[in-house]
Protein chains: 4
Amino acid sequence: MANSKFEYVKQFEQPDSLLPNTWIVVRLDGRGFTKFSTKYAFEKPNDKRALDLMNAAARSVMSELPDITIAYGVSDEYSFVFHKSCTLFERRASKLVSTIVSTFTAYYIHHWPTYFVDGPPLSPPLPSFDGRAVCYPSVQNLRDYMSWRQVDCHINNLYNTTFWALINQGGMDGTAAELMLKGTFSADKNEILFKKFGINYNNEPEMFKKGSVIFRNYELVEPGTKRVGEEAEEMSSAVPEVKSKSQVEKDKKARTKAKIVVEHLDIIRDEFWERRPWLLSGKPGKVPKEP
Amino acid sequence: MANSKFEYVKQFEQPDSLLPNTWIVVRLDGRGFTKFSTKYAFEKPNDKRALDLMNAAARSVMSELPDITIAYGVSDEYSFVFHKSCTLFERRASKLVSTIVSTFTAYYIHHWPTYFVDGPPLSPPLPSFDGRAVCYPSVQNLRDYMSWRQVDCHINNLYNTTFWALINQGGMDGTAAELMLKGTFSADKNEILFKKFGINYNNEPEMFKKGSVIFRNYELVEPGTKRVGEEAEEMSSAVPEVKSKSQVEKDKKARTKAKIVVEHLDIIRDEFWERRPWLLSGKPGKVPKEP
Amino acid sequence: MANSKFEYVKQFEQPDSLLPNTWIVVRLDGRGFTKFSTKYAFEKPNDKRALDLMNAAARSVMSELPDITIAYGVSDEYSFVFHKSCTLFERRASKLVSTIVSTFTAYYIHHWPTYFVDGPPLSPPLPSFDGRAVCYPSVQNLRDYMSWRQVDCHINNLYNTTFWALINQGGMDGTAAELMLKGTFSADKNEILFKKFGINYNNEPEMFKKGSVIFRNYELVEPGTKRVGEEAEEMSSAVPEVKSKSQVEKDKKARTKAKIVVEHLDIIRDEFWERRPWLLSGKPGKVPKEP
Amino acid sequence: MANSKFEYVKQFEQPDSLLPNTWIVVRLDGRGFTKFSTKYAFEKPNDKRALDLMNAAARSVMSELPDITIAYGVSDEYSFVFHKSCTLFERRASKLVSTIVSTFTAYYIHHWPTYFVDGPPLSPPLPSFDGRAVCYPSVQNLRDYMSWRQVDCHINNLYNTTFWALINQGGMDGTAAELMLKGTFSADKNEILFKKFGINYNNEPEMFKKGSVIFRNYELVEPGTKRVGEEAEEMSSAVPEVKSKSQVEKDKKARTKAKIVVEHLDIIRDEFWERRPWLLSGKPGKVPKEP
């Protein structure tokens, strides 16, 4: 074939399959969102429209990629988790990352007018995202990753809430507010919020305090006595399974029936994972009856 | 800090910087575009609107990422080339790939209504792209990569043009057309087109025959006697340079002034590269006087 | 400094640290040992001197690298296992592999005259080994790897024992013996051995049938009811621990005191691992009292 | 097959082929050689026996691996270069590194008694080496790597020669000598050597000053006007060649006939490479007539 003379260049493509039997996390981040959020006058410290748009885009990603088990988002970042048994795209890092980032971006642009109804339409430079994949060998590593992001959400949100209260309600400028918060602990910020501005941080919206977690919903399970993760290791084999075709079809059907929900829950404590064993086992739960 | 207990999970992030002093090609491809092109009734074998949209998106990518030297697109794929001296994002593969794919997707969705004026608006599932990065050590390898894509464009377009002529004008069904073309050479297809349908393949639009090449435009250079690539190796050092700040500023200005053009040229022959030495040298050319 | 002009070449070194919290197996294999074993007239199907030499070299490797948990050898190959919590050489693949392969080779050459007492001394080309590192995320994966090698040992040894009996005692040539064994099952080979040559395969030396396993020896533990591996996951945290200095010292002392033993045991069944919990926990056991 | 249940563990092996069309350098270093050289009373600053042994081991490596183009050694390190067109072991990093390190170690141990005739025989812990592979895309990068090592040799040797003269002849202790040399330039050290000890550094042995370079020897070529490297790029294609069988055989024969020589030359200047074009072209030169 005429093409063969040049085809040797394919040899330079290097494989990038991720280690089997590990949890894959693909995290994306907004590029230059400080500038972008100024351009479109995002509300500070949190813009509900912007967060709802992030959640809508992430929900669409999960809907188009049923292999994703759970996603967690805060601010302009989102983490998507593939079960350790996942073999999508032969686990190729660049394919997984680029597909998620592209799909997310497509929906972000597409849904923009739905969420920013009164604002100006998007104009170049357009918002975009970058991403990367990381492997976590054990359930504990994965849960610690999720906890890391949620603790980060809490710390940043408490800081930002206080910072912007000092500015918007306290009349400070940014430098003064920054100086005032330097070296303070959580308790100090809570007190500033309450004493100065009558704000009880606990009453802030859950989405701001906890971020957003997205997953397929099945019937909740009564928490048992087993250690979480231990159960998961038992339920999902380390050995690549050869599922029967009918089982694969059944699982697929169950997943399609399941509703993808966006919640603002504590994902650090065991309870979240104990009551939703399908997240760690990789096996779909029982689809709840429609009321 | 409260977060430190979980922060160890950052240790699982593995570096993915690409080998220095190699040309980086990021190629993206449409995901499931056969189905997608049917949904939006793309014209066969080529839909000018779809190709113009691809080109517009690629042009925007180049405009937002001045480190990209040249891009080449055909059908639903696009290749972006970073000069071997490029140090953008510390040459991290996932960052380079995800940024390009995300930016491209954003503009593809955004510009859709401009190019598909009379068609239905986009609706889920939205178009998306995946991508990967490949390193090429030498100018010859890079040019062979570009040639590979352009030869592929030619072979596919000649086939598709004949195939769809047999169907649209010849009244065949797909199976019959496929059977008829099996084992034919280029000359055969040219003859079928000409004898059966009065089509002179040479008169087909350049964009369909050659694909699209995008680059910053400077004054063309009279082709000399030097071997291309040789010159490039001389002009762009293998050693990471420490450019003076004023040189960096000057280069940046030149690049910003340069017009990004979309052309449909032969990129296989030396002439294309000889007349545009800035592509391989990585040094901006002379900005042409406005007429 | 005068050297700085060239020092940029260090930038081309790419990191190759292995994923944390995974078991690292470094396996080495003899290079061209078919030819080598002919040159030195190794006994077929097993040469006790050659296997003892392999074991002696592996034992020395374990002695010089206390981070190695367990090793398993058969024929001209040896696998060395680092605990998933190991941080030796920052887990760099090339450093781990080259150090083990080099140390092993050094002792193999050095101990040769001790084991091949009556044979000719080594002469070029000298025996050498190559190696590679593989990561296993879970205890089950690791044990399956070890089982894979031991099953391989069994299959090959049964085949070779029969093959060489047919030749050495049965007077066949290689081609005839190969043909005769084609398509046979284990039972068939056992029967040939017994009926034709009066050999009861079960009575063959354990080293030939099971290969060799090397580890630090502590007091055996009464097997409990816990699933192996489960226990291991509990006992050895997925989180990088900050051990107190005195604990590190204590562990080191215990390891130094422990005797490194070479055994020929079944490492597929749970019992082996249950009675030696230190192998999977990474925590030294109780040093047995000297008798 | 009985083994299939465990064979899935092979899936965890990850490919590590090095980028095609790049020069591969495998560098090995002695492990803990400060301690080792004390144990065997190496002469300071250079022990001729130890360097000769390093060279003998490296020579044997080159003899067993004809794919190696050139090697350069200094102190307890050695670098081996594979031509950019090399496809040995499918360019797998761990296989290349481990094979070289193992072969080198084997000969180091084996030849020890030949070079340390009067010293004590080797005893555990035995000397060993670690290694790593690095890719260099261009001839300039490769030559800069080689120059980097030779400049390092020079700097270290001048320092060490002066340092040990101050101790052995000047009666200083290490701390005083170190203090005296702190912040000195080359000229200062040359002067100390000459004025204090009557040593003309230029008259020191070439092996100490320049290190050792090993290569296959062919007839030297009259240096022409062509830039080195340029010629190399022309002579050795970036495209994987399909050589005729007879050509491969001819090249192999030429390589086998060629003598492997150990020299102490300046490898920084062009002349070394210009007169030995086979080093960069990868094509064997003309075997010199025996005198």
Query raised in the report: So A:Ile70 fits all but one of (1) touching a Leu at 6+ places or on another chain (Cβ under 6 Å); (2) β-branched (Val, Ile, Thr); (3) under 22 Å from B:Phe104 (Cβ atoms); what number is the exception?
Result: (3)
Report task. Could you grab me the full set of residues in the range A:4-21 that are within 9 Å of chain B (Cβ to nearest Cβ) and surrounded by 13 or more Cβ atoms within 10 Å (Cβ to Cβ)? Result -> A:Phe6, A:Glu7, A:Tyr8, A:Val9, A:Phe12, A:Glu13, A:Gln14, A:Asp16
Query raised in the report: Tell me, which residue of the range B:99-123 that is of a type in the set (A, V, I, L, M, F, W, C) and closer than 27 Å to B:Leu19 by Cα is nearest to the other protein chains (Cβ to nearest Cβ)?
Result: B:Val101
Report summary line: If we ask which residues in the range B:234-262 are open to solvent by less than 60 Å² (accessible area, probe 1.4 Å) and modelled with pLDDT of 80 or more, their number turns out to be 6
Query - Matching residues, the range D:22-38, being in contact with a helix residue (DSSP H, G or I) (Cβ under 7 Å, 6 or more places away or on another chain) and open to solvent by 50 Å² or more (accessible area, probe 1.4 Å) - result: D:Arg31
Report summary line: Being open to solvent by 30 Å² or more (accessible area, probe 1.4 Å) and more than 10 Å from chain D (Cβ to nearest Cβ) narrows C:Ala50, C:Ala41 down to just C:Ala41
Requested in this report: Note down all Cβ pairs under 7 Å where the first residue falls in the range B:260-276 and is assigned to a loop (DSSP other than H, G, I, E, B), the second is open to solvent by 30 Å² or more (accessible area, probe 1.4 Å), and they're at least six residues apart or on different chains.
Outcome: B:His264/B:Glu206; B:His264/B:Lys210; B:Leu265/B:Lys210; B:Asp266/B:Lys210; B:Arg275/B:Leu220; B:Arg275/B:Val221; B:Arg275/B:Pro223; B:Arg276/B:Leu220
Query raised in the report: With respect to B:Ile24, is the statement that it is facing chain A (nearest Cβ under 9 Å) and in contact (Cβ under 8 Å) with a residue 60 or more places away in the chain true?
Result: no
Query raised in the report: Quick one: which of C:Thr69, C:Thr34 is more than 17 Å from C:Asp130 (Cα to Cα) and hydroxyl-bearing (Ser, Thr, Tyr)?
Result: C:Thr69
Query raised in the report: So which residues in the range A:102-123 are open to solvent by less than 70 Å² (accessible area, probe 1.4 Å) and out of contact with any helix residue (DSSP H, G or I) (no Cβ under 6 Å at 6 or more places or on another chain)?
Result: A:Trp112, A:Gly119, A:Ser123
Query raised in the report: Would a scan of the range C:155-170 turn up a residue that is free of Cβ contacts under 8 Å to residues at least 60 places away in the same chain, within 13 Å of chain D (Cβ to nearest Cβ) and not in a helix (DSSP H, G or I)?
Result: no
**Report entry** Hits in the range C:185-194 - residues which are without any contact (Cβ under 8 Å) to a residue 12 or more places away in the chain and either open to solvent by less than 40 Å² (accessible area, probe 1.4 Å) or not in a helix (DSSP H, G or I) (or both)
**Finding:** C:Phe185
Query - B:Phe197 being of a type in the set (Phe, Trp, Tyr), more than 8 Å from every other protein chain (Cβ to nearest Cβ) and touching a residue at least 40 places away in the same chain (Cβ under 8 Å) - result: no
Report task. Looking only at the range D:124-152, count how many residues are out of contact with any Lys or Arg (no Cβ under 9 Å at 6 or more places or on another chain), more than 28 Å from D:Thr22 (Cβ to Cβ) and either more than 9 Å from every other protein chain (Cβ to nearest Cβ) or open to solvent by less than 20 Å² (accessible area, probe 1.4 Å) (or both). Result -> 1
Query raised in the report: Which residues, taken from the range B:165-178, are open to solvent by 20 Å² or more (accessible area, probe 1.4 Å) and either of a type in the set (A, V, I, L, M) or closer than 30 Å to B:Ile70 by Cβ (or both)?
Result: B:Ile167, B:Met172, B:Ala176
Query raised in the report: Is it the case that C:Leu96 is within 12 Å of chain D (Cβ to nearest Cβ) and in contact (Cβ under 8 Å) with a residue 60 or more places away in the chain?
Result: yes
**Report entry** Residue in the range C:135-154 that is more than 17 Å from C:Ile267 (Cβ to Cβ) and outside any helix (DSSP H, G or I) present
**Finding:** yes
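With respect to C:Pro66, determine if the residue is closer than 30 Å to C:Gly174 by Cβ, open to solvent by 30 Å² or more (accessible area, probe 1.4 Å) and in contact with a Ser or Thr (Cβ under 8 Å, 6 or more places away or on another chain).
Judged against the criteria, C:Pro66 is not a match.
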Requested in this report: Within the range D:113-132, track down each residue that is within 24 Å of C:Lys95 (Cα to Cα) and of a type outside the set (Asp, Glu).
Outcome: D:Leu122, D:Ser123, D:Pro124, D:Pro125, D:Leu126, D:Pro127, D:Ser128, D:Phe129, D:Gly131, D:Arg132
Query - Residue count, the range D:56-72 (criterion: out of contact with any Lys or Arg (no Cβ under 7 Å at 6 or more places or on another chain) and within 13 Å of chain C (Cβ to nearest Cβ)) - result: 9
**Report entry** Unique residue being open to solvent by 10 Å² or more (accessible area, probe 1.4 Å), at pLDDT 95 or above and not aliphatic (A, V, I, L, M) when the list is A:Thr99, A:Thr87
**Finding:** A:Thr87
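The values are calculated or read from the model by the stated rules, or taken from the named source; none is laboratory data. A quick note: this is a predicted structure, and the numbers were derived from the prediction, not measured. For neighbour counting, all protein chains shown are included, and Cβ atoms are generated from backbone atoms with ideal geometry for every residue, glycine included. SASA here: full protein model, heavy atoms, side chains in, ligands and nucleic acids out. Shrake-Rupley method; radii C 1.70, N 1.55, O 1.52, S 1.80 Å.
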